[in-house]
1. Mind listing whichever residues of region 21-32 are surrounded by 13 or more Cβ atoms within 10 Å (Cβ to Cβ), hydrophobic (A, V, I, L, M, F, W, C) and more than 14 Å from the chain's Cα centre (by Cα)?
2. Check whether at least one residue in region 69-76 is within 28 Å of residue 112 (Cα to Cα), exposed (fewer than 15 other Cβ atoms within 10 Å of the Cβ) and in contact (Cβ under 8 Å) with a residue 24 or more places away in the chain, and report yes or no.
3. Please find, among 16, 53, the residue that is touching a residue at least 12 places away in the same chain (Cβ under 8 Å), within 11 Å of residue 97 (Cα to Cα) and in a loop (DSSP other than H, G, I, E, B).
4. When you scan region 82-114, how many residues do you find that are open to solvent by 60 Å² or more (accessible area, probe 1.4 Å) and in a strand (DSSP E or B)?
5. May I ask you to list the residues in region 33-68 that are open to solvent by 60 Å² or more (accessible area, probe 1.4 Å) and not polar (S, T, N, Q)?
6. Quick one: count up the residues across region 56-81 that are part of a helix (DSSP H, G or I) and either of a type in the set (A, V, I, L, M, F, W, C) or touching a Phe, Trp or Tyr at 6+ places or on another chain (Cβ under 8 Å) (or both).
7. Give the residue, chosen from 11, 18, that is under 23 Å from residue 83 (Cβ atoms) and buried (at least 19 other Cβ atoms within 10 Å of the Cβ).
8. Is it the case, given these coordinates, that residue 58 is over 11 Å from residue 93 (Cβ atoms) and touching a residue at least 12 places away in the same chain (Cβ under 8 Å)?
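The values are calculated or read from the model by the stated rules, or taken from the named source; none is laboratory data. Predicted model, so just to flag it, every value in this text is computed and none were measured. Virtual Cβ from ideal backbone geometry, glycine too; neighbours counted across all protein chains shown. The protein model used for the area step is the full one, side chains on, heavy atoms only, and it has no ligands, DNA or RNA in it. Shrake-Rupley method; radii C 1.70, N 1.55, O 1.52, S 1.80 Å.
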Amino acid sequence: QVHLVESGGGLVQPGGSLRLSCATSGSLFSIRAVGWYRQAPGKGRELVAQITGGGRSNYTDSVKGRFTISRDNAKKTAYLQMNSLKPEDTSVYYCNYPFRLVDWGQGTQVTVSS
């Protein structure tokens, strides 16, 4: 079935940057919207960025101006460029298809700390 594999997380200081990748196995990747989500300990899962098959993007207010979602349809991969990271961005980050969720991947840990 569809597999989602997130990577690119790590430990970064406040103000730093990371680029997350979401590799997929689906054959219809190019026509599906992709979202990046995060879930901190004790918190619910939050959709932070979304990009449609046509390339239109939107973001939750807390990351606007700092995060950029993109996609490479030839590679069936979505990305999340995260700049000016803050401690409150610390979370496990996941990708999925917002309009038809599939099994969640393992996520990738992002830790922002001095």
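1. Matches in region 21-32: 29 only.
2. No, region 69-76 contains no residue that is within 28 Å of residue 112 (Cα to Cα), exposed (fewer than 15 other Cβ atoms within 10 Å of the Cβ) and in contact (Cβ under 8 Å) with a residue 24 or more places away in the chain.
3. The conditions single out 53.
4. 1
5. Of everything in region 33-68, those that are open to solvent by 60 Å² or more (accessible area, probe 1.4 Å) and not polar (S, T, N, Q) turn out to be 41, 42, 43, 45, 46, 47, 54, 56, 61, 64, 65.
6. Qualifying residue count, region 56-81: 1.
7. That would be 18, the only listed residue that is under 23 Å from residue 83 (Cβ atoms) and buried (at least 19 other Cβ atoms within 10 Å of the Cβ).
8. So residue 58 fails the test.
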